[in-house]
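Here's the structure, in C-alpha cells; my notes come after.
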Amino acid sequence: MKRSYWIPFMVVAAGLLMGCDMASLNNAIGGNALGVISLIALIIAVVISCVTEKNVGVMCIAFAFIIALATGGALKVSDLNKFFPLRLFMILVGATMLFSMATINGTVEKLARWAVKGSGGNVGMLPVVFFILPCVLSAIGPGNIATTVVLAPIGMALAGETRISPFLMTLMICNGANAGALSPVAPTGIIANGLVEKINIEYIGNQIFLNSILGSGVAGIFGFVAFGGLKLFGKKVDPDVQARVKAIVNAPIEPWNRNQIMTLGAIAAWIILVLVFKFDVGYTALTLAVLLSFLGVADEKEAMAKQPWFTMFMLVGVMVLVEVAGKTGGLEYAINAIASVSSVHTISSVFGFINGFVSIYSGSSTVVMPTFIPLIPGLVAKLGVTGQEAIDMIRNLVYTCCVSAHLVDASPLSLLGALCIAAAPEWDDKNKLFRNLLFWGMGMSIFAAVISFIFWR
C-alpha cells in the first residue's frame, strides 16, 4: 500500500470506530471489542512504522485518543495524560541533554579516543568490553537503566569512530546491562525478590541472578557471532576499519580543555549522585546540564537541537497505547488466548513467549514482572500440579518471567534500546536501526520461549 493511501484508510477506520455501537460490536466479536481493537491498533501502528518513516509513538497517541473517544466515557481522554511515562521521558531528556553538551564540546569524542587507544587498536575487543562492563556495573547496584544511560553514549561514540555496527554495539550494551540487572543488590533484582516473597517462595535471588547471566549471556554471544563480531578480529577486519582504528590509536590527543574538564566533572558528579546518593537519573542530569549551560561549557540551543525527540516519542507514545490496551482488557485478552493452549509440558515456553512479547512494549521490571509473577501460583494450580513439583514449577516460571522480560530490552520500544538509538552516530540510519532492533526484540520473544523450554521446565 502506498504511503498516501494510509491517510484515508486511517480516517475511515477512525470514523467507523467512533461511530459504531460498542454493544453491537461486543456481541459480534463475542467479548471485549475495545480490547481487541486496542491490540489491532498497536499492531497497525508498528506495521506502518516498519514500512514507512512515520513515528510509531505519535501514531500510537492518535490511536489511543480515538479509542478513548470510542469508549463512550469508560476511558476518558484526560486519562491519557496519566498514561504518559513522565519518569522515563525525563530520563531520556536529562541524559541526552547532558551528553549532547558533552558531544558539542568534544568531551565524548575525546573519551572515545582514549578508550580506543587503551584497547591497543583491537577492534574486536570493543564490543566484548561493552558487554562485560555494563554487566559488572549493573550488577553492583545501579541496575540496567542507569548503567545504559551512562555507557550508551560512550559505546555508541566508539562505534561511530571505528565504524562498528551500531546494531551490534547496541546488542552488547543492552544484553550486558541486563545480564547484571537481576543481581540481588540491583533495583530490578530487589523488585524480583520482593515479588517472589509475596508468593511465599523461599529466597531464590542468587538463582535468579545466575539465570539472568545465562539468558542474556547466550543472547549476547549469539548477537556477537551472528552480526559480525568475529569479523572484527585479526585479518577478518575490514581494511578501512582497521586503518581508521590504527589512525585513531596513533594520533596524538590534545590536552583536555576547560570546558571538557568541567563536563567530565559534571558527568562524574552525576554518576556519584545517582549511584551512591540515589538521586533521580533524569532530573539530576538535566540540572547539571543547566549548570553547564550557565558556565558557558556548551551552547544550550545547539544541545536542544541535538535532542532525539523523534526517538523519545517512539517510546512514550507506544507506552501510552499499551496502557490503553491494558485498561480496555486488550493485553488480558491476548494473554488468556495464548495461555489457553498451554499445558504442563509447554507452559514454560508459552509463559516465556508471553513475557518477552509483552515486554517489547512495556517495562520489564515495572510492568511485566509485577503483572505476571503474582499469577504464577494460580496458573500452576490451574494446571493441576501439586506438592514439590508445583514448587519447582513456580520457581522455574519465576526464572522464565524475569529472564524473558529482559531478553527483549534491546528493542527500540524499551528504554535501553531507545537510549542506544538516541546516541547512535550521525552516519547511521536510525530508522533502519529502529527496525532492526524491533525485529531483534520480536525474535527474542521466540528465543525466550526456546531457552525457557530448555532450562526452566
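Derivation of every value follows stated rules applied to the coordinates shown; laboratory data play no part. What you are looking at is a predicted structure, and each value in this text was computed from that prediction instead of being measured. All Cβ positions, even for glycine, are placed from backbone atoms using ideal geometry, and neighbour counts span all protein chains on display.
The table below gives the values:
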{"quantity": "When each of Lys301/Lys327; Lys54/Lys117; Lys54/Lys327 is checked by Cα-Cα distance, pairs over 31 Å", "calculated": "Lys301/Lys327; Lys54/Lys117"}
{"quantity": "For region 86-310: rounded, prolate or oblate by the Cα gyration tensor [a/c cutoff 1.5]", "calculated": "oblate"}
{"quantity": "Sequence-distant aspartates and glutamates (8 or more away, or on other chains) whose Cα lies within less than 14 Å of Lys82", "calculated": "Glu323"}
{"quantity": "Neighbour-count order for Ile37, Ile173, fewest beta carbons within 10 angstrom listed first", "calculated": "Ile37, Ile173"}
{"quantity": "Computed E for Ser78/Gln388 - FRET, C-beta separation, R0 60 angstrom, nearest 0.05", "calculated": "0.75"}
{"quantity": "Pairwise FRET efficiency - Gln207 versus Ala247, Cβ, R0 = 45 Å, nearest 0.05", "calculated": "0.40"}
{"quantity": "Local electrostatic count at Gly205 - Lys and Arg +1, Asp and Glu -1, tallied over other residues with Cβ under 13 Å", "calculated": "-1"}
